[in-house]
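Here the structure is laid out as structure tokens; the discussion comes afterwards.
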Amino acid sequence: MITQMHVKGLMFDPYNNAYIVVLRDEEHSDMLPIWVGKSEAGAISMSLENVTPPRPMTHDFMKSFLDAFNAKVISVVITDLSEHTYFSKIHLMYEDSEYTVDARPSDAIALALRSNAPVFANNSVITKQSSEELEQWLENLKPEDFGKLDS
Amino acid sequence: MSAVDRPKEQDLVEYRVERILEEANTDTRIVVLARQDGVPDTFPIWVGAAEGNAIKLALDTMITPRPMSHDLIKSFAEHLNITIQRVVISDVKNSTYYAMVHVANKGVERTIDARPSDAISLALRAPCPIYVTQDVLKRRSTTNLDASKDIGAPEVQET
């Protein structure tokens, strides 16, 4: 079973000096936080904020690469969590065939946002992450911890 | 020459990534390209730290546990049978270098606009040759210099 998730935003995690991509389902009952690096967060933030950089950034180029041959991103699925690492798959449609490509969630999400493709998560992954500890930590985040993306 | 013009073969000079230099106390890296046709010349391009690191990973043939962004682009190419033929540093405008990535599939060729860092990162992984046009070589050291740099130009103008 998979659930469609929406990219709700990015937060700065001052304790780990990293960024968190927050995915939530439509009913806002499930949440999936994914820790990513600074440049990966930047790639996602540019899409969320509809920023068009003067030159194509890596994921803009990635999309151009697929566009050049009319390959389409159908969907992205966060498939697995193993040893603190999320795994994801990008589903492509090209000449009436479907292809599944292994990717880091940060790349998959950055590409999905640029392709207007839906993001899904395996329910097993969502369940694994909804620990009380994490939710508590997120609740205790102060507003100034948000939006510190300075890249 | 506009970025979409396709240079003739004789207008292309092959370069290879020689090394990545770190600039002390800055968030930039310098990609040093070395000319391959016997003429001694190096061609530096200023890039961001993340872009420089992506190139360095490929240069050092480091295998990362998970695919990095340019590994993913290569993976797309492999899945869809797209050949990455060559990358060309094709233009310099306002102290910014432009690159084109030449790709082909079933005899259909396409060129894709890219920052040099993405083009070079992909070229090292493909692998495919890296060229600089004679036009860019002529113009790099005269009118298109960023005043703050001794040589070369950044691929994205600093704001």
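The values are calculated or read from the model by the stated rules, or taken from the named source; none is laboratory data. None of the values given here were measured: they were computed from a predicted structure. Backbone-built Cβ (ideal geometry, glycine too); neighbour counts: all protein chains shown.
Any residue at all in region B:78-95 that's among the hydroxyl-bearing types (S, T, Y), touching a strand residue (DSSP E or B) at 6+ places or on another chain (Cβ under 9 Å) and surrounded by fewer than 16 Cβ atoms within 10 Å (Cβ to Cβ)? Quick ask: steps written out before the conclusion?
So in region B:78-95, the residues among the hydroxyl-bearing types (S, T, Y) come out as B:83, B:90, B:95.
Then keep just the ones that are touching a strand residue (DSSP E or B) at 6+ places or on another chain (Cβ under 9 Å); that gives B:83, B:90, B:95.
Restricting the remaining residues to those that are surrounded by fewer than 16 Cβ atoms within 10 Å (Cβ to Cβ) gives B:83.
The answer is yes; a qualifying residue exists.
Has region A:34-49 got at least one residue that is among the β-branched types (V, I, T), more than 15 Å from A:G9 (Cβ to Cβ) and at pLDDT 95 or above?
Narrowing region A:34-49 to residues among the β-branched types (V, I, T): A:34, A:36, A:44.
With the extra rule that they be more than 15 Å from A:G9 (Cβ to Cβ), the set shrinks to none.
So far as region A:34-49 goes, no, none of its residues is among the β-branched types (V, I, T), more than 15 Å from A:G9 (Cβ to Cβ) and at pLDDT 95 or above.
Would you confirm, using the coordinates I've provided, whether B:P67 is modelled with pLDDT of 95 or more, more than 13 Å from chain A (Cβ to nearest Cβ) and surrounded by fewer than 20 Cβ atoms within 10 Å (Cβ to Cβ)? Can you show your working first?
Working: modelled with pLDDT of 95 or more: yes; more than 13 Å from chain A (Cβ to nearest Cβ): no; surrounded by fewer than 20 Cβ atoms within 10 Å (Cβ to Cβ): yes.
Here the answer is no, as B:P67 does not meet what is asked.
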Worksheet, complete the sentence: The one condition B:A49 fails out of (1) in contact with an Asp or Glu (Cβ under 7 Å, 6 or more places away or on another chain); (2) more than 13 Å from every other protein chain (Cβ to nearest Cβ) is (2)
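Across region A:106-123, what is the number of residues that are of a type in the set (G, A, S) and either surrounded by fewer than 20 Cβ atoms within 10 Å (Cβ to Cβ) or at positive phi (or both)?
To start, the set of residues in region A:106-123 that are of a type in the set (G, A, S) comprises A:106, A:108, A:110, A:112, A:115, A:117, A:121.
Cutting the leftovers down to either surrounded by fewer than 20 Cβ atoms within 10 Å (Cβ to Cβ) or at positive phi (or both) gives us A:117.
Of the residues in region A:106-123, 1 are of a type in the set (G, A, S) and either surrounded by fewer than 20 Cβ atoms within 10 Å (Cβ to Cβ) or at positive phi (or both).
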Discussion item. Cβ contacts < 9 Å: first residue on the phi > 0 side of the Ramachandran plot, restricted to region A:28-46; second residue at pLDDT 90 or above, any location; separation 6+ or different chain. Result?
Written reply: A:H28/A:K8
Discussion item. I'd like to verify a number: residues in region B:98-141 that are assigned to a helix (DSSP H, G or I) and facing another protein chain (nearest Cβ under 10 Å), how many?
Written reply: 6
Worksheet item: Which residues, taken from region B:53-64, are more than 9 Å from every other protein chain (Cβ to nearest Cβ) and surrounded by fewer than 24 Cβ atoms within 10 Å (Cβ to Cβ)?
Response: B:K56, B:L57, B:A58, B:L59, B:D60, B:T61, B:M62, B:I63, B:T64
Worksheet item: If you check A:S115 against the conditions, is it touching a helix residue (DSSP H, G or I) at 6+ places or on another chain (Cβ under 9 Å), among the polar types (S, T, N, Q) and within 24 Å of A:Y15 (Cβ to Cβ)?
Response: no
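Of all residues being more than 13 Å from chain B (Cβ to nearest Cβ) and β-branched (V, I, T) in region A:83-125, which is farthest from A:D67 (Cα to Cα)? Just the residue, please.
Within region A:83-125, the first condition is being more than 13 Å from chain B (Cβ to nearest Cβ), and the residues that meet it are A:113, A:116-125.
In the following step, the residues that additionally are β-branched (V, I, T) were identified as A:119, A:125.
On the way: A:V119: 19, A:V125: 31 Å.
Restricting to residues being more than 13 Å from chain B (Cβ to nearest Cβ) and β-branched (V, I, T), the top hit is A:V125.
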Fill in: Checklist (1) more than 25 Å from A:T100 (Cβ to Cβ); (2) assigned to a helix (DSSP H, G or I) applied to A:M62, failing item
(1)
Practice prompt. Sort out which residues of region A:106-145 are part of a loop (DSSP other than H, G, I, E, B), at pLDDT below 95 and touching a strand residue (DSSP E or B) at 6+ places or on another chain (Cβ under 9 Å), and write them in order of number.
Written response: A:S130, A:L141
Worksheet item: Has region B:75-82 got at least one residue that is more than 12 Å from chain A (Cβ to nearest Cβ), hydrophobic (A, V, I, L, M, F, W, C) and either in a loop (DSSP other than H, G, I, E, B) or on the phi > 0 side of the Ramachandran plot (or both)?
Response: no
Fill in: A:I78 being in contact (Cβ under 8 Å) with a residue 40 or more places away in the chain and either of a type in the set (S, T, N, Q) or assigned to a strand (DSSP E or B) (or both)
yes
Item to complete: Specify the residue that is surrounded by the fewest Cβ atoms within 10 Å (Cβ to Cβ); the eligible residues are those in region A:54-72 that are within 13 Å of B:D113 (Cβ to Cβ) and more than 8 Å from every other protein chain (Cβ to nearest Cβ).
Response: A:D67
Worksheet item: Would region A:88-105 turn up any residue that is in a helix (DSSP H, G or I), surrounded by 24 or more Cβ atoms within 10 Å (Cβ to Cβ) and either modelled with pLDDT under 95 or within 15 Å of the chain's Cα centre (by Cα) (or both)?
Response: yes
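Residues that are outside any loop (DSSP other than H, G, I, E, B) and crowded, with 18+ Cβ neighbours inside 10 Å: does region B:34-43 have at least one?
Taking region B:34-43 and keeping what is outside any loop (DSSP other than H, G, I, E, B), we get B:34-35, B:42-43.
From the residues that got through so far, the ones that are crowded, with 18+ Cβ neighbours inside 10 Å too are B:43.
Yes, that holds for at least one residue.
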